[in-house]
Amino acid sequence: MAGLARNPAAPIDVLLRLVEMWPEQACEGLRRRRELLPPVRDAMLRHPSPTIRGALASHPQVDPLARAHLLADPAWRVRLRAFGRPGQAPLPDDVLVRLLTELDDPPSDVPFSREELIDELFGAMGYDRRLIRLAAVHPRPGVRRYVAGSAIWLDERSRRALLEDEAPEVRAVAVASDARRHQVMEPADLPDQHCHAFWYVLQRPLSPALVDQVLASGDAAALRVMAENPSVPPDVVETLLRHPDPSVRQGLAGRVDLSGDQLVRLSTDPTVEVRTAVSTHPGLSEPQRASIDIDVTTVPDDGHFGSADVRCREIPYTDGAAPELTDALRWARSVNPLLRRRAARNSELPPDLVDILAEDPDLGVRVLLAQHHPAAPPALLLRCFLEYHCCGRDRLSELPQFPTNGLARFSDDPDPTVRRLVALDPHANPEVVDRLSTDPSASVRQAMASSPRLPAPRIVALLDDPELAEAAAANPALPVDQMQRILDGTPVG
């Protein structure tokens, strides 16, 4: 039933019967469908099962009107799911304002406080700036008071408005939040041991006394974080520049206030991780970058893609905002591959730079371009899939421009992940697909069970295989009469 629910060839009457007769089993498959046709969406919207309605609320392609309807659902779990998630079409402003009003006075059936519910909404929307601005001018003081306490998310206009709010309680929270944002940390504010609060304090403005305390502690990890703090005075930066622990010196590499002499010293540091980290500094010229001996298999702590060969680190295609196009245009031709990797994350790069980066000698640049740019050449996607063996690899084969013709040539590849590609080839020999449906790798067997090139009798036979039944039921080549037999509960075959 779960496989049928996600079968792209399942006709509407089959899907409607699934929703009616097997709602719990069909939920996950319906959620994984690329799109929900209007009759199926409407059936889910009216369904008595909150699980089905919740599946609709969290579907990537659910339309905002359906989500707005589900925000008034009788089941609180469905209402929370309808808050949404990043990537879904946004709710209209008036719906969000009304929702914030309702959350300010939550109904008794919801086991959460007002603050927890609003926090859930903000998190579900990825702290969307539009929602924050709407909350900052909301007619309910309770909503404004909540957002006034989150100074870190506010734009300057909203912050000023809340500091001058007509409600005393909102002004008080805004003033206190703003004061905390600028509060200078003292020794008493630093916890006795490493924890979230410990690292948070070291990123705030630091008093001279706290700087001296951390210096005297000899705690390399704390010094490394403090080295990045812009409130650290120049004399301390100079002291840290001579610290014997390279991780502390590496922490200085991103400071924008480094002098030319300090940049030169970090660029010639005996430790390659330090040299690599400073090699992307905006104060360096391209000739200076070219002269730095770096190792791109190390991962600078700046959140950008590091090793494509040594470290298995998630490619940050969703990690933070892509660089501005003006920066990406400049970095795309840099001699430094780490800057070119940053540029490759911008999806608006013009065709000439896409062509250049697609042939970049650095695998990290090529993979990031393939992951991020909608015009990345299909041949690049396949090349990256074959050469890159770390996190995010499978996403390449899911992109719409991934080439599928001719993938059957990989049927005997020693890598099972590569053998799975045969299932995507629209012209694969059915005998080859049939053979791979008994492959030693379970992932290959699953892929072949879903391949429309698998002979129909074999697809039907796999419906009785506990391991492959779901994948076979999701196969678009499964005959419709067999789909109906599954729903009728009659033996297949």
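The values are calculated or read from the model by the stated rules, or taken from the named source; none is laboratory data. Because the structure is predicted, anything quoted here is derived from the model rather than measured. Neighbour counts are summed over all protein chains in view; Cβ atoms, including those assigned to glycine, are modelled from backbone coordinates with ideal geometry. Heads up: the accessible areas ignore ligands, DNA and RNA and are worked out on the full protein's heavy atoms, side chains in. Shrake-Rupley method; radii C 1.70, N 1.55, O 1.52, S 1.80 Å.
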Testing Ala474 on (1) under 29 Å from Val19 (Cβ atoms); (2) open to solvent by 50 Å² or more (accessible area, probe 1.4 Å), one condition comes back false. Which one is that?
(2)
Kindly establish whether Pro416 is open to solvent by less than 50 Å² (accessible area, probe 1.4 Å) and farther than 22 Å from Arg34 by Cβ.
yes
Keeping to the range 4-27, report how many residues are under 30 Å from the mean Cα position of the chain (by Cα) and either touching a residue at least 60 places away in the same chain (Cβ under 8 Å) or surrounded by fewer than 14 Cβ atoms within 10 Å (Cβ to Cβ) (or both).
6
Checklist (1) within 25 Å of Pro466 (Cα to Cα); (2) in a loop (DSSP other than H, G, I, E, B); (3) modelled with pLDDT under 95 applied to Glu28, failing item
(2)
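Assess whether Asp73 counts as being without any contact (Cβ under 8 Å) to a residue 60 or more places away in the chain, surrounded by fewer than 16 Cβ atoms within 10 Å (Cβ to Cβ) and in contact with a helix residue (DSSP H, G or I) (Cβ under 7 Å, 6 or more places away or on another chain).
So Asp73 fails the test.
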Exactly one of Pro244, Pro270, Pro230 is open to solvent by 50 Å² or more (accessible area, probe 1.4 Å) and within 20 Å of Val201 (Cα to Cα), and that one is Pro230
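This table checks each residue for (1) more than 29 Å from Asp327 (Cα to Cα); (2) over 33 Å from the mean Cα position of the chain (by Cα); (3) among the β-branched types (Val, Ile, Thr).
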position	(1), (2), (3)
Gly218	yes, yes, no
Pro234	no, yes, no
Gly251	no, no, no
Val272	no, no, yes
Number of the condition not met by Ala124 [criteria: (1) surrounded by fewer than 18 Cβ atoms within 10 Å (Cβ to Cβ); (2) within 19 Å of Pro64 (Cα to Cα)]:
(1)
If a residue has to be in a helix (DSSP H, G or I) and in contact (Cβ under 8 Å) with a residue 40 or more places away in the chain to count, how many in the range 360-386 make the cut?
6
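Counting only residues that are in contact (Cβ under 8 Å) with a residue 12 or more places away in the chain and open to solvent by 60 Å² or more (accessible area, probe 1.4 Å), how many does the range 427-439 have? Steps first, answer last, please.
Narrowing the range 427-439 to residues in contact (Cβ under 8 Å) with a residue 12 or more places away in the chain: 427-430, 432-437, 439.
Those still in the list that are open to solvent by 60 Å² or more (accessible area, probe 1.4 Å) too: 427, 429, 435.
Total satisfying the criteria: 3.
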